[in-house]
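Since the structure comes first, as structure tokens, the remarks are kept for the end.
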Amino acid sequence: KKTSPAQTEFYQAVEEILESLAPLLEKNPKYRQHSIIERLLEPERQIMFRVPWVDDDGKIQVNKGYRIEFNSALGPYKGGLRFHPSVNASIVKFLGFEQIFKNALTGLPIGGGKGGANFDPKGKSDAEIMRFCQSFMTELHRHIGPNTDVPAGDIGVGTREIGYLFGQYKRLVNRFDGVLTGKSTLWGGSALRKEATGFGCVYFAQNMLEDEDSGLENKRCLVSGSGNVAIYTMEKLYELGAKPVACSDSNGTIYHEQGIDLDLVKEIKEVRHARLSEYCDTHEDAEFTAREDYPEDGEQIWRYKADVAFPCATQNELNEHDAQCLLENGVKAVVEGANMPCTQKAIDLFVEQRTLFGPGKAANAGGVATSQLEMAQNASMTRWTQDEVDEQLQCIMRRIYNDAKQTAEEFDQPNSLVLGANIAGFRRVADAMIEQGVV
Ligand code: NDP
């Protein structure tokens with residue numbers, strides 16, 4: 001029953017999960033007896049708050065802030081903060097809901113949460129970003145804590161924003177504790193946290209392809225976005241001998257046959273916080289397609305020929321027309337770096353055509369898993385080397401892949417990692433909820 005029909009993204013995420021869970025619920029009546037679905041769909045707590053701040057012209061601006069504490073059966077709420085003008089109750093709720101199962105899949109002790117604000121960081125000065133973050137944390141700090149709720153970054157929230165948020169938290173509570181992850185490695189951040197989602201996503205793809213007697217070497221790849229996840233997906237692809245030939249931002253797509261110049265993308269996006277269109281100032285042989293010139297029925301990036309596609313930008317960025325083009329061009333695997341980037345119709349097409357499909361919940365879980373490793377390091381006041389974290393990350397991604405694959409086989413759908421990941425994550429959360437009683 002849709003009690004908040006305007007929450008379309010939330011219902012989209014719920015429908016995908018419920019469809020996968022049908023065979024499990026049939027086999028195991030205990031989940032119905034304990035009303036697990038009804039309880040899971042209702043967040044434990046939702047917080048909405050005003051975020052007033054003063055811009056560089058001295059004008060007062062007001063944004064809406066959110067934190068959704070969805071489920072704590074397995075551990076403290078854990079999930080990122082997103083700053084983007086499109087953020088609303090539905091987006092935060094869909095992200096929080098997905099996070100429950102993703103976190104469960106990692107096998108680590110973390111519950112599910114998510115948050116953010118409808119604030120647009122684009123074009124804002126550093127000082128404006130800082131004042132916004134300080135105002136946001138002035139309310140948020142009442143609700144979070146290292147054993148309660150531990151936010152991290154997401155779209156629009158990177159190391160700079162986590163720094164400003166942490167500074168304000170520390171001033172308010174007078175404690176230096178591991179309340180946020182994705183911190184700078186100078187003061188409590190874990191090695192490899194910044195890279196972890198992208199690296200993890202490529203490790204996941206490698207596991208999928210190796211299972212089919214192939215690997216990533218010499219594969220042509222499309223990687224949408226040019227933010228945190230996209231950049232480190234491309235970095236690991238290069239390390240493993242693959243070639244990313246296209247990436248994008250919200251204004252357009254770059255196609256570069258000789259391979260994307262990653263140092264330049266980092267300089268444009270991480271250092272200058274500028275637009276990807278500037279890439280062609282350095283590389284005249286690259287092609288830039290502005291969003292206005294995209295095909296009417298989808299996104300430009302999925303129209304290029306490639307072996308593997310990594311949607312790493314945002315939700316619903318790859319629809320059934322895009323999927324059709326990828327398939328006609330012979331794509332072998334699609335691996336979701338972003339949360340819910342493929343529409344249900346696109347996923348159905350990949351599954352029908354037996355294309356390998358890695359769902360975001362499993363494939364992009366390397367970020368949150370490494371956040372949990374950051375919490376563990378903070379709690380024990382230690383610091384692990386890059387190699388130690390990388391080894392754990394690879395191990396976690398392999399375990400997630402095997403878990404999803406074996407669960408899919410258990411339910412006689414060996415090709416559906418969507419079903420496998422959803423059931424494997426759900427089972428852990430649901431069993432913990434049953435053991436903890438009706439709360
Ligand atoms: P960033 O803000 O670092 O980057 C987002 C990128 O996507 C930017 O390049 C942005 O362009 C681009 N983008 C946004 N909308 C579109 C669009 N419609 N078309 C093309 N490009 C677009 O965010 P992240 O990389 O952190 O997050 C990306 C995705 O990965 C999100 O779905 C997030 O939830 C998910 N994710 C992130 C994790 C993390 O650890 N960061 C962990 C797990 C999942 P522009 O620069 O123009 O805004």
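The values are calculated or read from the model by the stated rules, or taken from the named source; none is laboratory data. Keep in mind the model is a prediction, meaning the values are calculated, not measured. We place every Cβ from the backbone using ideal geometry, glycine too, and count neighbours over all the protein chains shown. The area values use the complete protein model at the heavy-atom level, side chains included, leaving out ligands, DNA and RNA. Shrake-Rupley method; radii C 1.70, N 1.55, O 1.52, S 1.80 Å.
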Among residues of segment 411-439 being part of a helix (DSSP H, G or I) and free of Cβ contacts under 8 Å to residues at least 12 places away in the same chain, the residue surrounded by the fewest Cβ atoms within 10 Å (Cβ to Cβ) is Glu435
Residue pairs qualifying under the 9 Å Cβ cut-off, at least six apart or on distinct chains, with the first in segment 248-275 being assigned by TED's automatic domain parsing to the domain that holds Leu318 and at positive phi and the second being modelled with pLDDT under 95 and within 9 Å of the ligand (Cβ to nearest atom), are His273/Lys122
Here the residues within segment 306-346 that are surrounded by 22 or more Cβ atoms within 10 Å (Cβ to Cβ) and part of a helix (DSSP H, G or I) are Asp322, Ala323, Leu326, Ala346
Those residues of segment 179-205 which are away from the ligand (no atom under 16 Å from the Cβ), touching a residue at least 24 places away in the same chain (Cβ under 8 Å) and surrounded by fewer than 22 Cβ atoms within 10 Å (Cβ to Cβ) amount to Gly188
Within segment 275-289, restricting to residues that are within 16 Å of the ligand (Cβ to nearest atom) and in contact with a helix residue (DSSP H, G or I) (Cβ under 7 Å, 6 or more places away or on another chain), the one that is nearest to Ser226 (Cα to Cα) is Leu276
Taking segment 361-392 and keeping only residues that are more than 20 Å from Asp177 (Cα to Cα) and surrounded by fewer than 24 Cβ atoms within 10 Å (Cβ to Cβ), one is left with Thr385, Gln386, Asp387, Glu388, Val389, Asp390, Glu391, Gln392
Exactly one of Ser226, Ser214 is open to solvent by 10 Å² or more (accessible area, probe 1.4 Å), more than 24 Å from Glu388 (Cβ to Cβ), in contact (Cβ under 8 Å) with a residue 12 or more places away in the chain and assigned to a loop (DSSP other than H, G, I, E, B), and that residue is Ser214
Log entry, pairs with first residue in segment 11-35 being free of Cβ contacts under 8 Å to residues at least 60 places away in the same chain, second being of a type outside the set (D, E, K, R) and not in a loop (DSSP other than H, G, I, E, B), beta carbons closer than 8 Å, six or more apart or on different chains, reads Leu18/Ile37; Leu25/Tyr31; Leu25/Ile37; Arg32/Leu25
Scanning segment 71-113 for residues that are hydroxyl-bearing (Ser, Thr, Tyr) and either within 11 Å of the ligand (Cβ to nearest atom) or surrounded by fewer than 24 Cβ atoms within 10 Å (Cβ to Cβ) (or both) gives Ser72, Ser86, Ser90
Within segment 1-15, of all residues that are open to solvent by 30 Å² or more (accessible area, probe 1.4 Å) and not hydroxyl-bearing (Ser, Thr, Tyr), the one farthest from Ser86 (Cα to Cα) is Lys1
Exactly one of Ile68, Ile129 is closer than 24 Å to Thr159 by Cα, among the β-branched types (Val, Ile, Thr) and buried (at least 23 other Cβ atoms within 10 Å of the Cβ), and that residue is Ile68
